[in-house]
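**Q** Sharing a structure, written as C-alpha cells. Questions coming.
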Amino acid sequence: MRELKVVGLDADSKYIICEGDDPAEQFKVAANDRLRAALRGEPAAPEQPQLEIEVTNMLSPKEIQAKIRAGASVEQVAAGSGSDVARIRRFANPVLLERFRAAELATAAHPMLADGPAVLTLRETVSAALVTRGLDHEKLSWDAWRNEDNRWTVQLAWKAGRSDNIAHFCFTPGAHGGIVTAIDDGASELIDPNFDRPLRPLARVAHVDFDEPVKPAPATPAAPDTPDEKPVHTRRGKPVIPAWEDVLLGVRSGGQR
C-alpha cells in the first residue's frame, strides 16, 4: 500500500490534494465534512460509519502531454485518470497543435517508392489516387502522433460510400519536405503509381437451361448451281468469280449475256 502525504485543499475545498514520493505525482481525494474535520485535527464521532475515500490519480502536466503526444485524445486521458476534461485540455492544447502541424508537414512530404522519392507530394498523390477511383478527395482527415522511437506516424482517414477507411504512413522530416513511407496496405495502394482503379465487373452471363432440348439452327437455303461457263481471266491470269447477281440475271462478268 502506498503512503501519501496530504498537501491541502483545492481552491473550492472539494478535494484534498495529496502527493506521493515524487512531488509531481499528485492525487486528489473527494472531501466531505468528516474528512475536513480530520484534516483540521478534530476527533470524528464514533457512531459515524467508516470513512470511504476515492483516490483519483492526478497526472502531472508532463504525463498528460506525453499521453496526448502518443496519440490519445483529451477525453481518453481524462477518463483514464479520472481528471476533469478542462484540466487535461489546458495542458493538451499545445501538444494537439504540435500534432496538427506534423500532419500538415507530412502532406507536403514525398512518398518513398521503389526507385526513390516521388515527384508529387503525399497530398497530391493521395488526391490523384482517390480521383482515379471516383472517390471524394476533398473530405480527408489527417492526424499524427509520435511513437516510442520518437518518429511520427501519420494517419489519413476518408470515406468510401458508407465505409470508413484509414491509411498510415511514417513521416521523416528533411530537405524538400521530407519523405513518407507506407506502413499498411491502405497506404501502399494509395502511393503505388501502378495501382489503378478496381477492374470493371464482368458482364452477366445469360442463364442456360441444360434440361431444355437445344433447338437446331434454321437451315441456310442452298445457293443455285453456277452456270457451266469458263471464268473470265484478268490480265494477271487470275480467274474472276462471277458476282451473285450476275449469276441470277445470266450476265457474264465481261458484261455480255
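The values are calculated or read from the model by the stated rules, or taken from the named source; none is laboratory data. Remember, it's a predicted structure, so these values are computed and weren't measured experimentally. Cβ coordinates were reconstructed from backbone atoms using ideal geometry, including for glycine residues, and neighbour counts include every protein chain displayed. Areas reflect the complete protein model, heavy atoms only, side chains present, ligands, DNA and RNA absent. Shrake-Rupley method; radii C 1.70, N 1.55, O 1.52, S 1.80 Å.
**Q** Evaluate region 102-118: report whether one residue or more is surrounded by 17 or more Cβ atoms within 10 Å (Cβ to Cβ), assigned to a helix (DSSP H, G or I) and hydroxyl-bearing (Ser, Thr, Tyr).
**A** Yes, some residue in region 102-118 is surrounded by 17 or more Cβ atoms within 10 Å (Cβ to Cβ), assigned to a helix (DSSP H, G or I) and hydroxyl-bearing (Ser, Thr, Tyr).
**Q** Turning to a different aspect of this structure: Could you say whether any residue in region 124-141 is under 27 Å from ASP10 (Cα atoms), modelled with pLDDT under 95 and among the hydroxyl-bearing types (Ser, Thr, Tyr)? Spell out how you get there, then give the answer.
**A** Restricting attention to region 124-141, the residues satisfying the condition of being under 27 Å from ASP10 (Cα atoms) are none.
No; the residues of region 124-141 include none that is under 27 Å from ASP10 (Cα atoms), modelled with pLDDT under 95 and among the hydroxyl-bearing types (Ser, Thr, Tyr).
**Q** GLU63 - would you say it is open to solvent by 60 Å² or more (accessible area, probe 1.4 Å), modelled with pLDDT of 95 or more, of a type outside the set (A, V, I, L, M) and under 30 Å from GLY174 (Cα atoms)?
**A** When the stated conditions are applied, GLU63 does not pass them.
**Q** Scan ALA92, ALA118 and give me the residue that is free of Cβ contacts under 8 Å to residues at least 60 places away in the same chain and of a type outside the set (D, E, K, R).
**A** Residue meeting the stated conditions: ALA92.
**Q** Let me ask you something else. Got a number for residues in region 80-93 being assigned to a helix (DSSP H, G or I) and exposed (fewer than 13 other Cβ atoms within 10 Å of the Cβ)? Reasoning before the result, please.
**A** Initially, region 80-93 is screened for residues assigned to a helix (DSSP H, G or I), giving 80-81, 85-93.
So of that shortlist, the ones also exposed (fewer than 13 other Cβ atoms within 10 Å of the Cβ) come out as 86.
Summing the residues that are assigned to a helix (DSSP H, G or I) and exposed (fewer than 13 other Cβ atoms within 10 Å of the Cβ) in region 80-93 gives 1.
**Q** For region 136-168, name all the residues that are part of a loop (DSSP other than H, G, I, E, B) and open to solvent by less than 50 Å² (accessible area, probe 1.4 Å).
**A** Matches in region 136-168: LEU140 only.
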